[in-house]
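K.L.:
Take a look at the following structure, please.
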Amino acid sequence: MPFAPTFARDLFGAGVLLVPLALVALAAQVSSDGALVSAATLMLISLIAVAGVQVYSGNSGVISFGHVAFMGLGAYFAAWLTLPSSMKARMLPDLPALLSGAELDMLVAVFPAVAAVACAALAVGLTIARLDGAAGAIATLGLLVIVYSLLIGAQGLTRGSQALFGLPLSVDLWTAFVCAAVAVVLARLYRGSNAGLQLRASREDEPAALACGIDVVRRRLGAWVLSAALAGLAGVLYGHYLGVLTPRAFYFNMTFSLLAMLIVGGMTTVTGAVAGTFVVSLIVEGLRRFEQVGTIGGVTMPELHGLTTIGLSVAILAVMYKLRSGLTGYLEIDERWRRARAGRATVGAAAPTPADSAGTSGTGIACRGLVKRFGGVTAVADVSLDLRPGEILGLIGPNGAGKSTLLALVSGTLTPSGGKVAIDETDVTGWPSYRIARCGLARTFQNIRLFQHLSVRENVEVAATLNAAGAIDPRAEAAPAVDALLARFDLAELAGRPAGTLAYGPQRRLEIARAAAMRPRYLLLDEPAAGMNQTESDALLRMLQALRAETGIGLLVVDHDLRLIMRLCERVVVMNKGRVIAEGPPETVQTDPNVVEAYLGRRARGGASAAEDRAETASSQE
Amino acid sequence: MDILIQNLINALALGGTYALLALGLALVFSIMGLINLAHGELMTIGAYALYFMILWAFPFWLALVGALLCAVVAAVLMERVAFRPVRDASMATMLLTSFAVSAILQVAYQNLISPRPLPVAMPSFLGGAVEIGSLQVGMIQLLALGCTAALLLLLVWVFRYTAFGVAMRAAAEDFDTTRLMGIRANALFAGAFALSGLLAGVAALFWVAQRGSVDPLMGFLPVLKAFIAVIVGGLGSLVGAVAGGFLLGAIEIALRALLPSDLLPYRDALSLLLIILVLLVRPQGLMGRRREGVR
């Protein structure tokens with residue numbers, strides 16, 4: 001089976017990761033050394049939290065400093081349920097009667113506690129999931145501080161900054177192991193799921209992910225809630241292993257060591273989370289002994305604060321300066337094995353099956369009176385334009401004519417200042433680009449936007465699963481279509497390579513293959529031939545013609561390569577200074593005096609051939 | 001009425017301090033895409049310099065100058081030593097690098113200076129108050145207000161009319177193009193860091209004057225708040241950062257004045273929450289432009 005259902009593949013990948021976990025737990029058990037068992041238990045609990053952070057930060061690329069806050073909430077929520085009621089009466093006078101009477105077992109209390117954390121995360125996530133990169137990271141830091149000061153402020157519920165003690169010690173090595181195993185499996189399955197793949201795509205390139213029809217904010221929100229629930233679980237175990245809680249335990253130091261674990265191992269994989277947790281726990285244990293002993297070879301060292309912090313910082317810096325993507329890089333361990341095997345065996349090219357037609361029904365894309373102003377500049381002024389089903393329409397014009405802006409308006413990347421866009425009579429003006437994409441519109445970008453660290457295959461898969469969203473395993477469902485597209489665009493041999501490592505030509509082809517994988521009814525291509533030589537642009541021409549013939553797709557092609565445009569398109573629209581200045585079949589447009597003037601200026605009246613030559617030289621010089 | 005004006009002055013003074021911090025952060029972010037979590041440690045360095053120079057009986061004005069100089073030098077060194085190796089890396093890489101730098105500096109302060117707060121002996125005239133009509137305005141607030149206003153005006157002048165300032169603004173808009181215009185990247189980075197160090201230093205002086213002590217972690221909370229002010233103002237917008245800082249100051253003072261006493265412990269949480277809620281309405285911040293494709 002070349003392509004087993006992805007779910008089974010991920011389950012196997014998760015199983016592989018459980019082996020070292022089990023070995024550590026067993027070794028600690030066998031040694032029956034108290035310190036070792038305790039270190040192993042704490043390491044497994046940390047791993048739950050690290051796997052939690054990985055689910056969000058690793059897949060979305062937004063670093064979270066806030067997950068320790070969810071650990072704290074989980075720990076305190078569970079403590080409300082498990083503490084003996086006599087102690088609750090003494091330490092937590094403000095607790096509602098319902099809670100102060102409860103004396104649940106930790107194994108029962110963990111469910112409502114984690115559910116409550118998930119609800120809290122959902123509420124917070126409504127804001128945080130909307131923020132990307134920098135803003136998102138800082139907002140999570142704000143969350144950490146907010147929860148910390150709430151825990152300290154709510155004296156009657158948490159005992160403030162004083163320690164809350166007396167939690168039943170119901171966590172042992174094997175409870176921690178089972179929970180860690182659950183966390184690792186969940187994180188690994190999420191990463192491989194369709195939702196995980198979509199979120200990883202948005203990490204690589206958000207505008208491109210939106211253009212593939214991915215609702216990025218919703219994906220982030222889902223991952224955020226799952227990851228917070230895992231962090232909450234870690235908090236519950238942490239509290240019931242130590243028996244004592246303080247708000248300070250769930251603050252900066254904990255955040256720092258969890259992030260160090262994730263970063264050293266490699267944020268983008270669960271393998272990295274496991275590896276990092278092991279390595280950093282070892283470093284921390286070592287340094288802690290050092291801190292306590294205080295003598296090296298008979299020389300008494302001066303008292304050092306925060307030796308472990310220094311050690312962790314140095315580890316982070318070393319990774320940032322030298323490795324960037326951590327010990328494990330961008331591949332899970334099972335993915336690495338598969339790739340190594342695939343490298344040795346010859347890749348059997350799948351037989352190209354024609355992709356089924358997306359249907360040619362519909363009335364086309366209709367733009368009416370589109371206007372876009374940037375401050376005082378009007379980039380697009382009152383443009384009306386139709387793309388009919390199944391036609392190939394060329395859009396040309398000098399630089400700065402407003403062509404790319406027009407594409408952005410149609411695809412929803414920019415919101416028009418005025419006018420309307422309709423796709424098959426659905427008014428989509430002002431819709432976010434992922435919703436427009438789902439209406440059957442795909443696009444490529446002028447500066448290629450691929451999901452660099454995803455494989456070629458995954459790049460196409462992300463778009464192809466848009467049509468298999470209802471399936472149980474969308475990635476498996478879309479597999480035949482993906483194979484066909486890879487073969488058609490001559491990418492089958494490169495399927496396992498990270499997209500960012502491809503040469504320029506294949507990158508352009510991949511971007512078109514990805515757009516075609518959405519099975520759109522309309523496809524906007526922004527300078528697909530830019531930077532291509534004549535042979536490559538001829539191949540592109542044939543590829544696009546074949547695509548249209550097979551699927552009946554409507555194409556809008558923007559390019560400076562007039563030779564390509566004139567041979568490919570049935571109709572050409574010419575823009576200049578934000579307006580349409582000519583429209584018609586290629587032959588007529590070529591000789592239109594307005595067009596000649598736009599390209600050459602007023603005084604030159606050299607005729608159409610001169611205009612063409614001039615423009616062609618210009619494009620070949622680019 | 002008097003109380004209102006009093007609070008207004010307090011809000012402007014506190015907001016001004018946040019605005020200075022936020023401006024330094026925004027400057028560095030917009031030029032090199034770095035979220036500098038170690039900015040707070042620059043503040044702390046400035047404060048320690050002030051502490052030691054006063055301890056060693058330097059004249060007060062010299063101690064002030066020394067503190068600012070220290071912050072500037074530390075900022076430039078920080079860029080040179082810690083951030084240059086990751087200059088072209090992703091935002092996340094730079095963020096985590098600054099996170100580690102911040103932690104190392106905090107531990108260094110704890111070990112080399114003191115883990116406990118040290119009292120700074122500020123001259124007594126700073127503790128006084130000035131009477132304006134029926135108003136009692138604290139000397140420190142007044143100075144903070146005046147200095148912030150003067151500094152912001154000076155910066156407006158620098159950004160508008162000096163070659164260095166224009167280059168800086170250009171780089172904040174579009175770094176690559178600015179380089180193509182023949183401006184040296186190293187000079188720009190050093191300049192941006194020096195300026196952000198200076199702003200952190202000034203903020204540190206007011207912070208210490210208000211609280212009277214220095215401790216290794218003193219920079220963390222104000223800088224975190226300033227960061228949130230930067231986001232709310234709109235990441236990448238210098239004017240937005242200043243506006244965000246003042247907004248934060250106003251919210252904090254308003255909460256301090258209006259909150260019933262049993263809710264006062266939640267003050268920090270509430271002000272952060274309020275300001276983060278602004279992002280629910282405008283994820284791109286008050287003055288931020290929507291980046292293409294992100295919506």
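The values are calculated or read from the model by the stated rules, or taken from the named source; none is laboratory data. Quick caveat: nothing in here was measured; it's all calculated off a predicted structure. Cβ sites come from the backbone with ideal geometry, for glycine too, and all protein chains shown count toward neighbours.
K.L.:
Here are some conditions: (1) outside any strand (DSSP E or B); (2) more than 30 Å from A:Leu259 (Cβ to Cβ); (3) in contact (Cβ under 8 Å) with a residue 40 or more places away in the chain. B:Phe125 meets all but one. Which one does it not meet?
P.N.:
Condition not satisfied by B:Phe125: (3).
K.L.:
Can you tell me which residue among B:Gly201, B:Gly191 is away from chain A (no Cβ under 14 Å), farther than 26 Å from A:Tyr251 by Cβ, within 15 Å of the chain's Cα centre (by Cα) and not aliphatic (A, V, I, L, M)?
P.N.:
B:Gly201
K.L.:
Follow-up. Considering each residue of region A:171-189, count those that are assigned to a helix (DSSP H, G or I) and either surrounded by fewer than 24 Cβ atoms within 10 Å (Cβ to Cβ) or of a type in the set (S, T, N, Q) (or both), and give that number.
P.N.:
The qualifying residues number 11.
K.L.:
Consider A:Ala408 carefully, then state whether it is of a type in the set (A, V, I, L, M) and either free of Cβ contacts under 8 Å to residues at least 40 places away in the same chain or within 14 Å of chain B (Cβ to nearest Cβ) (or both).
P.N.:
Here the answer is yes, as A:Ala408 does meet what is asked.
K.L.:
For B:Ala144, state whether it is modelled with pLDDT of 85 or more, among the small types (Gly, Ala, Ser) and closer than 29 Å to B:Tyr48 by Cα.
P.N.:
For B:Ala144, the condition - modelled with pLDDT of 85 or more, among the small types (Gly, Ala, Ser) and closer than 29 Å to B:Tyr48 by Cα - is met.
K.L.:
Then there is this: Report, by residue number, each residue of region A:549-588 that is touching a Phe, Trp or Tyr at 6+ places or on another chain (Cβ under 9 Å) and among the polar types (S, T, N, Q).
P.N.:
A:Asn576
K.L.:
Something else now. Go over the candidates A:Ala530, A:Ala513 one by one and state the one that is assigned to a helix (DSSP H, G or I) and either surrounded by fewer than 20 Cβ atoms within 10 Å (Cβ to Cβ) or out of contact with any His (no Cβ under 8 Å at 6 or more places or on another chain) (or both). Spell out the reasoning first.
P.N.:
Details: A:Ala530 fails: assigned to a helix (DSSP H, G or I).
After applying the criteria, what remains is A:Ala513.
K.L.:
Given the conditions (1) of a type in the set (A, V, I, L, M, F, W, C); (2) within 14 Å of another protein chain (Cβ to nearest Cβ); (3) closer than 24 Å to B:Val137 by Cα, report the number of the one that B:Ile275 does not fulfil.
P.N.:
Status for B:Ile275: all satisfied but (3).
K.L.:
Given A:Leu524, A:Leu541, which one is outside any helix (DSSP H, G or I), under 24 Å from A:Asn399 (Cα atoms) and at pLDDT 90 or above?
P.N.:
A:Leu524
K.L.:
Being free of Cβ contacts under 8 Å to residues at least 24 places away in the same chain, outside any loop (DSSP other than H, G, I, E, B) and more than 10 Å from every other protein chain (Cβ to nearest Cβ) is the requirement here; does B:Val130 meet it? Outline the logic, then answer.
P.N.:
Values: free of Cβ contacts under 8 Å to residues at least 24 places away in the same chain: yes; outside any loop (DSSP other than H, G, I, E, B): yes; more than 10 Å from every other protein chain (Cβ to nearest Cβ): yes.
So B:Val130 passes the test.
Rundown of residues vs (1) under 23 Å from A:Gly362 (Cα atoms); (2) among the hydrophobic types (A, V, I, L, M, F, W, C), yes/no style:
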| position | (1), (2) |
| --- | --- |
| A:Glu511 | no, no |
| A:Leu524 | yes, yes |
| A:Ala530 | no, yes |
| A:Gln534 | no, no |
| A:Asp538 | no, no |
| A:Leu541 | no, yes |
| A:Ala546 | yes, yes |
| A:Thr551 | yes, no |
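K.L.:
Which one of the conditions (1) more than 12 Å from chain B (Cβ to nearest Cβ); (2) at pLDDT 90 or above does A:Ser313 fail to meet, given that it meets all the rest?
P.N.:
(1)
K.L.:
If you don't mind, another one. I need the full set of residues from region A:491-510 which are surrounded by 15 or more Cβ atoms within 10 Å (Cβ to Cβ) and part of a loop (DSSP other than H, G, I, E, B), in order please.
P.N.:
Across region A:491-510, the qualifying residues are A:Leu491, A:Ala495, A:Gly496, A:Arg497, A:Leu502.
K.L.:
Okay, moving on. With the condition being farther than 15 Å from B:Leu199 by Cα and aromatic (Phe, Trp, Tyr), I'd like the helices (runs of 4 or more DSSP H) fully within region B:1-83 carrying at least 3 qualifying residues.
P.N.:
Because the criterion is at least 3 residues that are farther than 15 Å from B:Leu199 by Cα and aromatic (Phe, Trp, Tyr), the helices (runs of 4 or more DSSP H) in region B:1-83 that meet it are B:39-55.
K.L.:
Name the single residue, out of those in region B:230-242 being surrounded by 24 or more Cβ atoms within 10 Å (Cβ to Cβ) and within 10 Å of another protein chain (Cβ to nearest Cβ), that is farthest from B:Tyr18 (Cα to Cα).
P.N.:
Here the residue is B:Leu235.
K.L.:
Within region A:458-480, which residues are modelled with pLDDT of 90 or more and either surrounded by fewer than 24 Cβ atoms within 10 Å (Cβ to Cβ) or touching an Asp or Glu at 6+ places or on another chain (Cβ under 6 Å) (or both)? Give the steps one after another, and end with the answer.
P.N.:
Narrowing region A:458-480 to residues modelled with pLDDT of 90 or more: A:458-464.
Result: A:Glu458, single match.
K.L.:
Right, something else. Looking at the structure I just gave you, is A:Glu536 in a helix (DSSP H, G or I), at pLDDT 85 or above and under 41 Å from the mean Cα position of the chain (by Cα)?
P.N.:
Here the answer is yes, as A:Glu536 does meet what is asked.
K.L.:
Does at least one position in region A:37-54 carry a residue that is surrounded by fewer than 16 Cβ atoms within 10 Å (Cβ to Cβ), touching a Phe, Trp or Tyr at 6+ places or on another chain (Cβ under 9 Å) and either touching a residue at least 12 places away in the same chain (Cβ under 8 Å) or in a helix (DSSP H, G or I) (or both)?
P.N.:
yes
K.L.:
I would also like to ask the following. Within region B:79-120, take every residue that is more than 13 Å from chain A (Cβ to nearest Cβ) and closer than 25 Å to A:Ile263 by Cα and give me the one that is surrounded by the fewest Cβ atoms within 10 Å (Cβ to Cβ).
P.N.:
Per the stated criteria, the residue is B:Arg80.
To keep it simple, each residue is scored yes or no on (1) more than 25 Å from A:Tyr321 (Cβ to Cβ); (2) under 23 Å from the mean Cα position of the chain (by Cα); (3) not aromatic (Phe, Trp, Tyr).
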site: B:Ser98; (1), (2), (3): no, yes, yes
site: B:Pro117; (1), (2), (3): yes, yes, yes
site: B:Val130; (1), (2), (3): yes, no, yes
site: B:Leu135; (1), (2), (3): yes, no, yes
site: B:Leu143; (1), (2), (3): yes, yes, yes
site: B:Val158; (1), (2), (3): yes, yes, yes
site: B:Tyr161; (1), (2), (3): yes, no, no
site: B:Phe164; (1), (2), (3): yes, yes, no
site: B:Ala185; (1), (2), (3): no, no, yes
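K.L.:
Considering only region A:407-414, I want to know if a residue exists there that is within 29 Å of the chain's Cα centre (by Cα), over 30 Å from A:Gly601 (Cα atoms) and surrounded by fewer than 22 Cβ atoms within 10 Å (Cβ to Cβ). Full working, then the answer.
P.N.:
Residues of region A:407-414 within 29 Å of the chain's Cα centre (by Cα): A:407-414.
With the extra rule that they be over 30 Å from A:Gly601 (Cα atoms), the set shrinks to A:411-414.
Still in the list and also surrounded by fewer than 22 Cβ atoms within 10 Å (Cβ to Cβ): none.
No, region A:407-414 has no match at all.
K.L.:
Could you go through region B:54-75 and let me know if any residue there is more than 10 Å from chain A (Cβ to nearest Cβ), at positive phi and either surrounded by fewer than 22 Cβ atoms within 10 Å (Cβ to Cβ) or of a type in the set (A, V, I, L, M) (or both).
P.N.:
yes
K.L.:
Restricting to region B:139-167, name every residue that is without any contact (Cβ under 8 Å) to a residue 12 or more places away in the chain, more than 14 Å from B:Leu198 (Cβ to Cβ) and of a type in the set (Gly, Ala, Ser).
P.N.:
Within region B:139-167, B:Gly146, B:Ala163 meet the criteria.
K.L.:
Now for a separate question. Looking at (1) surrounded by 22 or more Cβ atoms within 10 Å (Cβ to Cβ); (2) under 15 Å from A:Ala51 (Cβ atoms), which is the one condition that is false for A:Gln198?
P.N.:
It is condition (2) that A:Gln198 fails.
K.L.:
I'd like the residue in region A:544-559 that is buried (at least 24 other Cβ atoms within 10 Å of the Cβ) and outside any strand (DSSP E or B) and, out of all such residues, is nearest to the chain's Cα centre (by Cα).
P.N.:
Filtering region A:544-559 for residues that are buried (at least 24 other Cβ atoms within 10 Å of the Cβ) and outside any strand (DSSP E or B), the one nearest to the chain's Cα centre (by Cα) comes out as A:Ile553.
K.L.:
Then there is this: Show me the helices (runs of 4 or more DSSP H) entirely contained within region B:147-245 in which 1 or more residues are more than 30 Å from B:Phe52 (Cβ to Cβ) and at pLDDT below 85.
P.N.:
B:163-173, B:175-180, B:185-211
K.L.:
Could you please give the count of residues in region A:564-584 that are under 25 Å from A:Gly531 (Cβ atoms) and either part of a strand (DSSP E or B) or under 37 Å from the mean Cα position of the chain (by Cα) (or both)?
P.N.:
9
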